[in-house]
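This report refers to the structure that appears directly beneath it.
The values are calculated or read from the model by the stated rules, or taken from the named source; none is laboratory data. Quick caveat: nothing in here was measured; it's all calculated off a predicted structure. Cβ coordinates were reconstructed from backbone atoms using ideal geometry, including for glycine residues, and neighbour counts include every protein chain displayed.
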Ligand code: FAD
């Protein structure tokens, strides 16, 4: 397919919603998308699919979308690969965005490749950084490669849109402004029931979803140094006291001490809490990739040369089994930690 890429304008964000709630990654994409759109001198648009979701379109405008393309249809109430792919592909063909961003959620990872394949364009999965090349205005899409040992920057030179899925928790969230104004354009949905090959019979909530690492303000995270499943109780106690959640390294997950939904890092969740307490974690590059953007990092490790100390604001050299009960006794809030930091 030969495209006139000059015809393609605007930055689009897939406004993933579930049960009438915008996913947090969408707010991050709007924050990042706004920066890209500003540099290119184009509009930031969101595409929103669902049923009876007009109020969400307004919310997207308040988070910075200049325009929302809204596909409102009862067949779009639940996400289906077929339905969403068809509607979004048709909208892209009609309105021709130059950049299309999706969250690297389960839905985004399913949908993105389908759309890019139908449009014969490229997709870079799991990006952690997006920039506009100052020379030719193409988007530079950076993601970890070769097991996280290098960062690869990928371009999509010949086809449009340039598509990326973006890791949740990496980009800064857009700030909501109730005064923002924007346009809502309704899309015509031409879907028959035969166009959708799957049917959602029942939605069963997974209890594991209760661990929301990407939204957590405080994470107490454990690695092999915690020593056992029982050792994680020490972390839970501290997390509970600080109103935080428990995270883990892959090694701790692989050891069967904690569920994968708690894993932080390249093949787990990318986190950006105010406070990250790493307990008995060595600081492998794949783990660091998921927590280095934390505002404040405390590391506890009995090896003073552990690489985790290179990214820590406070390093405590010692045994987690001794240090954690002491911290839990002494710390009641993040304020106590700030005080502790000032004393250093
Ligand atoms: P270790 O590296 O074994 O470190 C344990 C640390 O605990 C050591 O530093 C030790 O000094 C300290 N320690 C021991 N006993 C105590 C004690 N009593 N008190 C205090 N400290 C103690 N890893 C992730 O975490 N997340 C990922 O998403 C991820 N993805 C990966 C993807 C790929 C493709 C690959 C190849 C690897 C990935 N890994 C990931 C694995 C990663 O490379 C490391 O193997 C893993 O992070 C190590 O976990 P750890 O720090 O718990 O264990």
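A compact table of results
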{"item": "Residue satisfying condition, being touching a strand residue (DSSP E or B) at 6+ places or on another chain (Cβ under 7 Å), crowded, with 18+ Cβ neighbours inside 10 Å and either in a strand (DSSP E or B) or outside the structural domain of residue 16 (by TED's automatic domain parsing) (or both), within set 111, 101", "result": "101"}
{"item": "Close pairs (6 angstrom Cβ cut-off, 6 or more residues apart or separate chains): at positive phi in the range 269-298, surrounded by fewer than 20 Cβ atoms within 10 Å (Cβ to Cβ) anywhere", "result": "283/307"}
{"item": "Filter result (part of a loop (DSSP other than H, G, I, E, B), within 18 Å of the chain's Cα centre (by Cα) and surrounded by fewer than 24 Cβ atoms within 10 Å (Cβ to Cβ)) within the range 222-277", "result": "266, 267, 268, 270, 274"}
{"item": "Some residue of the range 313-320 being away from the ligand (no atom under 12 Å from the Cβ) and outside the structural domain of residue 150 (by TED's automatic domain parsing)", "result": "yes"}
{"item": "Qualifying strands (runs of 3 or more DSSP E) (wholly inside the range 127-170; at least 2 residues being over 18 Å from residue 29 (Cβ atoms))", "result": "139-145, 150-154"}
{"item": "Residues of the range 220-248 satisfying the condition of being away from the ligand (no atom under 14 Å from the Cβ), out of contact with any strand residue (DSSP E or B) (no Cβ under 7 Å at 6 or more places or on another chain) and either in contact (Cβ under 8 Å) with a residue 40 or more places away in the chain or not assigned by TED's automatic domain parsing to the domain that holds residue 312 (or both)", "result": "237, 241"}
{"item": "Of the criteria (1) at negative phi; (2) within 23 Å of the chain's Cα centre (by Cα); (3) crowded, with 19+ Cβ neighbours inside 10 Å, which one residue 187 fails", "result": "(2)"}
{"item": "Whichever residue in the range 289-307 is under 21 Å from residue 128 (Cβ atoms) and in a loop (DSSP other than H, G, I, E, B) and, among such residues, is farthest from the ligand (Cβ to nearest atom)", "result": "295"}
{"item": "Subset of the range 123-146 that is over 23 Å from residue 286 (Cβ atoms) and buried (at least 16 other Cβ atoms within 10 Å of the Cβ) - its residue that is farthest from the chain's Cα centre (by Cα)", "result": "138"}
{"item": "Of the criteria (1) away from the ligand (no atom under 11 Å from the Cβ); (2) in contact with a strand residue (DSSP E or B) (Cβ under 6 Å, 6 or more places away or on another chain), which one residue 217 fails", "result": "(2)"}
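Matching residues to (1) within 26 Å of residue 28 (Cα to Cα); (2) at pLDDT 95 or above; (3) more than 13 Å from the ligand (Cβ to nearest atom):
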| position | (1), (2), (3) |
| --- | --- |
| 250 | yes, yes, no |
| 260 | yes, no, no |
| 287 | yes, yes, no |
| 309 | no, yes, no |
